[in-house]
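The values are calculated or read from the model by the stated rules, or taken from the named source; none is laboratory data. These numbers were taken from a predicted model, which means no experiment stands behind them. Counting neighbours? That spans all protein chains shown, and the Cβs are built from the backbone with ideal geometry, glycine included. Accessible surface is based on the protein model in full, side chains and every heavy atom, while ligands, DNA and RNA are left aside. Shrake-Rupley method; radii C 1.70, N 1.55, O 1.52, S 1.80 Å.
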Amino acid sequence: MRRRDFIKFLTATPLGRLVAGVAAASISAALIYLDTAQRDVRKAARGGLYEVLLPFPRLRGSISLEEALANRRSVREFSDDPITLEELGQLLWATYGISEVRHGFRTAPSAGALYPLEIYAVVGERGVAYGGGFLEAGVYHYDVYRHSLVLRRRGDFREALYRAALEQDWVLAAPLSIVIAAVYQRTARVYGERGRVRYVPMDVGHAGQNLYLQAVALGLGTVAVGAFDDGAVAEALGLPPEETPLYIMPVGRPRVPYRLEEEDLRAFYSARRSS
């Protein structure tokens, strides 16, 4: 069918108009899907709180696990550049997101699958970029099952967190910090004191290492901070009384990225084998 005849068919016959309508609707739906898949969606969350739906996690990255392990370092100097909303979502998912959809198991192992940890993002002013703008500064709680952020407190709380962290400069300089808190009772009610003093610290170590490795895979950096005033951190974030902060992990783009080459690693081992 010639182009002119095809256009005449689409505009002049009932069947043609039906075909054209279906095609237009399909294209419109596809464009809407692609658009919403690439940007966050905001709405009133449960209890009237403000929620940001994060871009869905990616299960494939640009570097191997071996490369991420080799280049994992604690980073304390960050550039002024923000991270993206997609990167933030990927970091949160890697830290403690869902990795098994039947039972809701997480990316980090947990004794008895009790999952005592709660994850927060303390976002600074212009710290997270998306869609030509920036995520509102504030304290956000990560909803594991919805892969979303729920705004708990509005404002830039990095300075309050910095002071609570004994004025460690990297907490103030990073565009955001991910804070990991624990509800000890979730584990202790099953495992008693052993759960409190051993299993929960194991859990936070697993989650922290996940965050380290995902940061490397994204070209970002972080550092695990454990020296802080627990009460001051809890106050800054507005934590519920049953939650205890365990890690502050500032995240940003490293000023000087670390890179280990295979030749250097081989030379290191070879020198020690020959001694």
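Ignoring ligands, DNA and RNA, what percent of the 1.4 Å accessible area of segment 132-202 is carbon and sulfur?
The value for segment 132-202 is 49 percent carbon and sulfur by accessible area.
Can you work out the base-10 log of I(q)/I(0) for segment 161-275 at q = 0.21 1/Å, using the Debye formula on its C-alpha atoms alone?
At q = 0.21 Å⁻¹ the computed log10 ratios are -1.13.
Ranked highest first by average number of other Cβ atoms within 10 Å, how do 81-94, 232-245 line up?
81-94, 232-245
Please report how far the C-alpha centroid of segment 241-275 lies from that of segment 185-238, rounded to the nearest whole angstrom.
A separation of 19 Å, based on Cα centres.
At a 1.4 Å probe radius, carbon and sulfur cover how many percent of the accessible area of segment 64-129?
The nonpolar share, carbon plus sulfur, comes to 48 percent.
I need the peptides 140-149, 169-178 ranked by packing, meaning the mean over residues of other C-beta atoms within 10 angstrom, with the highest value on top.
Ranking the peptides 140-149, 169-178 by packing returns 169-178, 140-149.
Taking only protein heavy atoms and a 1.4 Å probe, what accessible area per residue, in Å², does segment 191-230 have with all protein chains in place?
Result: 41 Å² per residue.
Output wanted: per-residue J couplings in Hz (rounded whole) for segment 159-176, from phi through Karplus 6.51 cos²θ - 1.76 cosθ + 1.60, θ = phi - 60°, x for Gly and Pro.
Coupling constants for segment 159-176: 5, 4, 5, 4, 5, 5, 8, 6, 6, 7, 4, 5, 5, 7, 7, 5, x, 7 Hz.
Tell me the carbon and sulfur percent of the accessible area for segment 208-263, rounded to whole percent, probe radius 1.4 Å.
So the carbon and sulfur contribution to the accessible surface is 49 percent.
Would you please name the trypsin sites (Lys or Arg not before Pro) within segment 227-275 that are DSSP coil residues with at most 11 other C-beta atoms within 10 Å of their C-beta?
Arg259
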